[in-house]
């Protein structure tokens, strides 16, 4: 499994807008990509930074989502809210505990 981590610095006061665009537009579009396993959006409200972590079955599928224009299209949705260029990293997932991730999602859904 592979991960793409995209780090962005948002404009002051725009982190909630970034979260809304991810929830309403980017995540639904990502679900249509071949090889996507899921992902996370991590935010630091104090520093107005965000990190998108997407998980992919193979490195080839992860990179194909970039050469197809998908990543560029999604980035364009966020561009007016950013205070600089995104930083993209590609990593191999060495350890993954899907059970823990699922339990966390279930507890949060139950108000946990």
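Does residue 108 fit the bill of being exposed (fewer than 12 other Cβ atoms within 10 Å of the Cβ) and either in a helix (DSSP H, G or I) or modelled with pLDDT under 95 (or both)? So residue 108 fits the description; yes. Per the listing 73, 66, 61, the residue uniquely assigned to a helix (DSSP H, G or I), under 17 Å from residue 29 (Cβ atoms) and modelled with pLDDT of 95 or more is 61. Applying the criterion of being crowded, with 17+ Cβ neighbours inside 10 Å and in a helix (DSSP H, G or I) to the residues of the stretch 1-20, the residue that is farthest from the chain's Cα centre (by Cα) is 15.
Regarding residue 53, is this residue in contact with a helix residue (DSSP H, G or I) (Cβ under 9 Å, 6 or more places away or on another chain) and at pLDDT 95 or above? No; evaluated as a whole, the condition is false for this residue.
The values are calculated or read from the model by the stated rules, or taken from the named source; none is laboratory data. The shown structure was predicted, so the numbers you read here are calculated from the model rather than taken from an experiment. As a convention, Cβ positions derive from the backbone with ideal geometry for all residues, glycine included, and neighbour counts pool all protein chains shown.
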